[in-house]
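Right, one structure below, let's go through it.
The values are calculated or read from the model by the stated rules, or taken from the named source; none is laboratory data. On a predicted model such as this, the values are computed, not experimentally measured, just so you know. Note that each Cβ is placed from the backbone with ideal geometry, even for glycine, and that neighbours are counted across all protein chains shown. Heads up: the accessible areas ignore ligands, DNA and RNA and are worked out on the full protein's heavy atoms, side chains in. Shrake-Rupley method; radii C 1.70, N 1.55, O 1.52, S 1.80 Å.
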Amino acid sequence: MSSIFEIDFAQPTGFRPLSMDLRTPDAAGAPVVVFLHGGGWLRGSRKVFTPGIGVAQSFDRIVAAGFAVASCEYRLSGEARFPSQLDDVDAAIDWLREHGSEYGADASRLVLWGVSAGATLAALTGLRRDDVRGVVDWFGPADLVALAELDTGEPAEATREARWLGAPAAQLPDAARAASPALQAHAGAPAFHIAHGTADDLVPFAQSEVLAEALRAVGVDVEFHPVPGGGHFWQGVDDTGPLFDRALDFVARVTAT
């Protein structure tokens, strides 16, 4: 395995450079997993797969399965509003398609893997591009209109979704719909692997149920895995190994030549 950290893949005008960390297996021509971190679009780091799961159990596990993994930054909501983050993900994919082969990565066989807010970005990107083989969506918000109707105890303008959109969903209904993967499902979208804990108290389990239903309704290949008793970021799950194994089996299936 080789690792190259701090690759600057984009320089949005007026913002900081955006970087990725690229880990590749020894064999050349490995399919690519583009990883997008969580944190409510307002915090988080490309260096952390999920809180409580270390590098050896996450990034290294993906590489050991024969895949390159590019963990990519995107602008947070304190820096830029939706849809700027989708531009950032596009820039990362475009860089990998142009330069990935130099590092032994085959970006023509690419899967997006996101957790929480990063899963929303992964899903939206997969739904708007035609060069993505699959999406791994772990407990991502999927319907921001429905989320806005939940009582979180916060002022409407202080929620993570409102900070990302720039205002509460009720004030920006078109943007809220455009930022909701479940409301953007369409025929011909790439395959999806969705996993969500039934005891998630930050992103309701129903969000992934709605996404799976919307995708299946238009004929998309969907694997949906409820995780009984699982909380957000897999809190309460003693062994996340089987969750990774299922996701990696999906990545292998959709990237097979």
Of (1) assigned to a helix (DSSP H, G or I); (2) under 17 Å from Met20 (Cβ atoms); (3) not polar (S, T, N, Q), Leu112 fails just (1)
In segment 1-52, anything of a type in the set (A, V, I, L, M, F, W, C), touching a His at 6+ places or on another chain (Cβ under 8 Å) and open to solvent by 10 Å² or more (accessible area, probe 1.4 Å) is listed as Val48
Within segment 67-84, take every residue that is open to solvent by less than 30 Å² (accessible area, probe 1.4 Å) and in contact with a strand residue (DSSP E or B) (Cβ under 8 Å, 6 or more places away or on another chain) and give me the one that is farthest from Arg163 (Cα to Cα). Phe67
Answer from Ala105, Ala117 - the residue that is aliphatic (A, V, I, L, M) and under 12 Å from the mean Cα position of the chain (by Cα): Ala117
Of those in segment 155-167 that are farther than 20 Å from Gly38 by Cα and either under 23 Å from the mean Cα position of the chain (by Cα) or assigned to a loop (DSSP other than H, G, I, E, B) (or both), the residue modelled with the lowest pLDDT is Pro155
When you scan segment 209-230, do you find a residue that is in contact with a Leu (Cβ under 7 Å, 6 or more places away or on another chain), open to solvent by less than 70 Å² (accessible area, probe 1.4 Å) and among the acidic types (Asp, Glu), even just one? no
